[in-house]
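The values are calculated or read from the model by the stated rules, or taken from the named source; none is laboratory data. Owing to the predicted nature of the structure, the values given are computational and were not obtained by experimental measurement. Glycine gets a Cβ as well: all are built from the backbone with ideal geometry, and neighbour counts include every protein chain shown.
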């Protein structure tokens, strides 16, 4: 394999690692938000806030991913985070 | 809204921004890899390398996202990056 390819792959691995860390950081913050909302008796899923986050992400998007791709990827992340919040909630109900 | 919730949401927005930046950085690196592979006449899609990246991500995963979620989210990112490479390829073919 060429050195250039090897170098680019190392960059990719580094970025993957940072993405993993940030996704889990994000998940942990969403769990904390779920906790605060539970204490306040507020509904956890907030589509307006989600839409607002997506709009700001698209506004900040400089590519190469197009806006549709960014929306798609973040919706997946949002959904996974919400699923995690709901699992936490179920655990509480089962105790 | 409580200060605590507001603070957590600000953290979320910061993390979203960093994720956006990293995803696009990743996409740009994948585009460069596509370019190098094109010059070398190598096939772009490399399922072994993809599996290898997924395995390492799962090994490095400390949660709160479970391994299945990490696999799912990264597969989406890999797919979007590959789609982008293929769009680049089509553009070249159309010129």
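Side notes on the structure shown:
- Restricting attention to segment A:34-50, the residues that are loosely packed, with under 14 Cβ neighbours inside 10 Å and in a helix (DSSP H, G or I) total 5.
For every residue, the table says whether it meets (1) within 7 Å of another protein chain (Cβ to nearest Cβ); (2) closer than 19 Å to residue B:26 by Cβ.
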{"site": "A:2", "(1), (2)": "yes, no"}
{"site": "A:10", "(1), (2)": "no, yes"}
{"site": "A:22", "(1), (2)": "yes, yes"}
{"site": "A:35", "(1), (2)": "no, no"}
{"site": "A:39", "(1), (2)": "no, no"}
{"site": "A:49", "(1), (2)": "no, no"}
{"site": "A:63", "(1), (2)": "yes, yes"}
{"site": "A:71", "(1), (2)": "no, yes"}
{"site": "A:80", "(1), (2)": "yes, yes"}
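- Scanning segment A:84-95 for residues that are surrounded by fewer than 15 Cβ atoms within 10 Å (Cβ to Cβ) and within 10 Å of chain B (Cβ to nearest Cβ) yields a single hit, A:87.
- Among the residues of this structure, residue A:31 does not count as one that is without any contact (Cβ under 8 Å) to a residue 40 or more places away in the chain and either more than 10 Å from every other protein chain (Cβ to nearest Cβ) or assigned to a helix (DSSP H, G or I) (or both).
- Residue A:67 meets each of the listed conditions (1) facing another protein chain (nearest Cβ under 7 Å); (2) touching a helix residue (DSSP H, G or I) at 6+ places or on another chain (Cβ under 6 Å) apart from (1).
- In segment B:55-67, the residues that are part of a loop (DSSP other than H, G, I, E, B) reach residues that are surrounded by 18 or more Cβ atoms within 10 Å (Cβ to Cβ) and modelled with pLDDT under 95 with C-beta atoms within less than 7 angstrom, at least six apart or across chains, in these pairs: B:64/A:84; B:65/A:84.
- Taking the numbered list (1) more than 15 Å from the chain's Cα centre (by Cα); (2) within 24 Å of residue B:71 (Cβ to Cβ); (3) modelled with pLDDT under 95 in turn, residue A:85 passes all entries but (1).
- The residue of segment A:51-61 that is surrounded by the fewest Cβ atoms within 10 Å (Cβ to Cβ), among those that are facing chain B (nearest Cβ under 7 Å) and within 13 Å of the chain's Cα centre (by Cα), is A:53.
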